[in-house]
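*Asks:* Take this structure, written in structure tokens, and hold onto it; I'll ask about it next.
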Ligand code: GLY
């Protein structure tokens, strides 16, 4: 980071310190523990440290980080996307759903041609892929309920980074090059983001102006007035569906976090419209039911991978059949995580051979997103995952406002059985309907031990989020890995379909012996098409924290003593 930007951050720290002397707030317990952060880029880590050092809560830091990543992490940090924030504040869990919704004009078959065939990329790239964004409303609501520092101060770092610019990290420049074949033809994309070059300063004056409107007017500075007009104009230019009424009608929703006891921990995670919490709980419980089978197995040994893949098959079959937006369908959440149901699912697992995908039915039946984990000095925690869906979203940039819009419509099931970008299939439960939230895999998770935070984690990666979060928890608790080792370890993934395919982290492959042994059993074992997971983990270790940011990404973790 260059000196000018470091000076800016010192300035923010002083501003925050001055502001918080007068700030009332909910974090009333004595300060007992150091704070800790794990964030997907160094600018975000610097912003979070400044807010926490100045006495902000974990939610204050989360809000400031979310806006700063919208500037410095344009692949996934966003104003034009959505996400989920799981909080543990003052001894209470809460879950804020600020997921995007389908525009009012969306229809079930909008991605099919006259012959009923799926039109390539229509739900993924360009204007028709855009759903109504939720991030700004989400941050505003989180701050209203749990913020301590003034809203205006929390927007200041993002505005400075957009105005003054930031030095482009090499991974951002690489990610841009990877997405260019998909996005270069979208009017405006290169004009706004073509200048992202490794090591050079990148300024975004129109984005700074948008952030100033949000700073001055809160969510209304985005969903009404000039920003809303610019979004609607952009939609009209390209044939998008989002209208002024869609924007002014958008509301985030507080939901009960999914909560379950597991091995004496309380696991808090994402309820629908995410599939993530249900899926991770199913995996954790299945693992314990197979404890005898797992006993003594080495990490990522062939039998270890086989048993895990068998568990994952069943979990993804349930995901495809039962899960979607709870406002539109009835989801048997309690049944899906009930011990007797999981026991029945475990009974069907073949310990030796691969169950054929056709034999696994629902039991009742970049890949870019970004996560941050924050713990403040009062022991409160935020686990936040938000996204534009794939890297740089739909590629549509709001002209005059300088920010990208999501392609979250691809997370709907555009046709039953048709795989989406992540290769996962769905059913009527997740078909497109106006005003509906599309099914997610985002899995912000907090583990509590005796009412205190033990672990805060989450990851990007579409459908691989679930398996990344699950394997990280197990790496810590069953293999005794440190936070750094747990996030760095090789991960693998299986999701029922494609049949018998086990993929692994390309930069950290499975041991070659494991690959060969699995191939002999009939698995196709290959590197995942893209590097999956960028896990951000905070872990309590006696009275201190360990914090780790996945080495696959460009993040930074710190413990703030
Ligand atoms: N857009 C990825 C997810 O929500 O699962």
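The values are calculated or read from the model by the stated rules, or taken from the named source; none is laboratory data. Source: prediction; values computed, not measured. Neighbour counts run over all protein chains shown; Cβ positions are idealised from the backbone, glycine included.
*Asks:* Among the residues of segment 63-106, which ones are within 14 Å of the chain's Cα centre (by Cα) and within 23 Å of residue 449 (Cα to Cα)?
*Replies:* Residues satisfying the conditions are 84, 85, 86, 95, 96.
*Asks:* When segment 486-508 is examined, which residues are found to be touching a helix residue (DSSP H, G or I) at 6+ places or on another chain (Cβ under 8 Å) and not in a strand (DSSP E or B)?
*Replies:* Passing the criteria: 486, 487, 489, 491, 494, 495, 496, 497, 499, 500, 508.
*Asks:* Continuing with this model, one more query. I'd like to verify a number: residues in segment 446-463 that are in contact with a helix residue (DSSP H, G or I) (Cβ under 8 Å, 6 or more places away or on another chain) and within 14 Å of the ligand (Cβ to nearest atom), how many?
*Replies:* 4
*Asks:* Residues that are within 16 Å of the ligand (Cβ to nearest atom), assigned to a loop (DSSP other than H, G, I, E, B) and surrounded by fewer than 24 Cβ atoms within 10 Å (Cβ to Cβ): does segment 288-296 have at least one?
*Replies:* Looking through segment 288-296, none of the residues is within 16 Å of the ligand (Cβ to nearest atom), assigned to a loop (DSSP other than H, G, I, E, B) and surrounded by fewer than 24 Cβ atoms within 10 Å (Cβ to Cβ).
*Asks:* For segment 379-423, give me each residue that is away from the ligand (no atom under 14 Å from the Cβ), farther than 26 Å from residue 213 by Cβ and touching a helix residue (DSSP H, G or I) at 6+ places or on another chain (Cβ under 6 Å).
*Replies:* 380, 381
*Asks:* While we're here: Of the residues that sit in segment 424-441 and are part of a loop (DSSP other than H, G, I, E, B) and more than 16 Å from the ligand (Cβ to nearest atom), which one is surrounded by the fewest Cβ atoms within 10 Å (Cβ to Cβ)?
*Replies:* Ranking the candidates gives 434 first.
*Asks:* When you look at residue 263, is it surrounded by fewer than 22 Cβ atoms within 10 Å (Cβ to Cβ), within 16 Å of the ligand (Cβ to nearest atom), under 29 Å from residue 384 (Cα atoms) and at pLDDT 95 or above, yes or no?
*Replies:* Here the answer is no, as residue 263 does not meet what is asked.
*Asks:* May I pose another question? Tell me which of these residue 114 doesn't satisfy, since it passes every other one: (1) farther than 27 Å from residue 457 by Cα; (2) within 16 Å of the ligand (Cβ to nearest atom).
*Replies:* Status for residue 114: all satisfied but (2).
*Asks:* Next question, about the same structure. Within the bounds of segment 87-98, is there any residue that is assigned to a loop (DSSP other than H, G, I, E, B) and either more than 14 Å from the ligand (Cβ to nearest atom) or buried (at least 24 other Cβ atoms within 10 Å of the Cβ) (or both)?
*Replies:* The answer is yes; a qualifying residue exists.
*Asks:* Does segment 298-310 contain at least one residue that is over 25 Å from residue 461 (Cα atoms) and more than 21 Å from the chain's Cα centre (by Cα)?
*Replies:* yes
Quick grid of which residues meet (1) closer than 20 Å to residue 96 by Cβ; (2) surrounded by 16 or more Cβ atoms within 10 Å (Cβ to Cβ); (3) at pLDDT 95 or above:
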{"position": "228", "(1), (2), (3)": "no, yes, yes"}
{"position": "232", "(1), (2), (3)": "no, yes, yes"}
{"position": "238", "(1), (2), (3)": "no, yes, yes"}
{"position": "245", "(1), (2), (3)": "no, no, yes"}
{"position": "267", "(1), (2), (3)": "yes, yes, yes"}
